[in-house]
Amino acid sequence: MNKIEHLGIAVRDLEVSNVLFEKLLGVSHYKTEEVPSEGVKTSFFKIGDSKIELLEALDSDGPIAKFLAKKGEGIHHIAFEVDDIVKEIARLEKEGFHVLNKTPKRGADNKLVAFLHPKKANGVLVELCQEIPLHSPRPKSTERVINKGRE
Ligand SMILES: CC[C@@H](C(=O)O)C(=O)SCCNC(=O)CCNC(=O)[C@H](O)C(C)(C)COP(=O)(O)OP(=O)(O)OC[C@H]1O[C@@H](n2cnc3c(N)ncnc32)[C@H](O)[C@@H]1OP(=O)(O)O
Ligand SMILES: [Co+2]
């Protein structure tokens, strides 16, 4: 694994939390993106080499809606950047982790992602992220780039 790619934070109202995090971090979010397959609407902040992903539930039965109902707002997952997600999935399965999706899926911010169950990771939901090469087809998720200058 290379580094922490982002921290995912579950929030009830993305617009309200965007304002809060803009005040906290002193920067604006650089994009919002819906990922309907995960039942989420996200916004991303970048400070230095670190990223924060805010996650609002798009529907009432997705992972964020369930998390908010059980635990309330707060840190939902930690995401690690990897170079080869397929290799990492195989390695982590051998190490005894419970990989929730053995085939990587499209995540937000141009990533392929896979998740490890918190029950086998000290109560932490872990996301693996691999950057999708630029020449790949666009993700199916809808994307609204706020700061086009970054792309
Ligand atoms: C935007 C795309 C992507 C990106 O590119 O960054 C994302 O970040 S998407 C983020 C949302 N998607 C996911 O979280 C997908 C992976 N998660 C899951 O598959 C499920 O949430 C789960 C982890 C398997 C749990 O689902 P389920 O078993 O249906 O829910 P329960 O509420 O019954 O929980 C069981 C058990 O696990 C504990 N739990 C649940 N979520 C978390 C969490 N985020 N962190 C720590 N623990 C968690 C929950 O409390 C239950 O524990 P017990 O009550 O002790 O049984
Ligand atoms: Co994430």
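The values are calculated or read from the model by the stated rules, or taken from the named source; none is laboratory data. Quantities reported herein were computed from a predicted structural model and do not represent experimental measurements. Glycine gets a Cβ as well: all are built from the backbone with ideal geometry, and neighbour counts include every protein chain shown. Ligands, DNA and RNA are excluded from the accessible area calculation, which covers all protein heavy atoms including side chains. Shrake-Rupley method; radii C 1.70, N 1.55, O 1.52, S 1.80 Å.
Brief remarks follow.
- For region 1-69, the mean projected area of the C-alpha convex hull, equal to one quarter of the hull surface, is 5.1 nm².
- DSSP beta bridges in the chain [antiparallel fraction, %, rounded to 5]: 80 percent
- Per atom type, region 1-114 shows carbon and sulfur on 55% of its accessible surface, probed at 1.4 Å.
- Among Thr42, Ile132, Ile89 - extreme Cα towards positive end, dipole of the chain, charges at beta-carbon: Ile89
- Each helix, a run of at least 4 DSSP H residues, gives -39500 (n - 2.57); summed and divided by the residues of the chain, these come to -6000 deg cm²/dmol at 222 nm.
- For the chain: relative contact order, % (alpha-carbon pairs under 8 angstrom, 6 or more apart): 26 percent
- Residues whose placed amide H lies under 5 Å from that of His76, excluding near-sequence neighbours: Gly8, Ile9, Ala10
- Under a model in which nothing but the beta-carbon of Lys, Arg (+1) and Asp, Glu (-1) is charged, region 1-115 shows a dipole of about 220 debye around its Cα centre.
- Per residue value of the accessible surface for region 42-109 (all protein chains in place, 1.4 Å probe), Å²: 55 Å²
- Highest mean packing first, where packing is the average number of other Cβ atoms within 10 Å per residue, the peptides 74-87, 100-113 line up as 100-113, 74-87.
- Region 1-146: Cα Rg divided by the 2.2 N^0.38 Å rule of thumb: 1.01
- Take each peptide in 11-19, 49-57, count the other Cβ atoms within 10 Å of every residue, and average; sorted highest first, the result is 49-57, 11-19.
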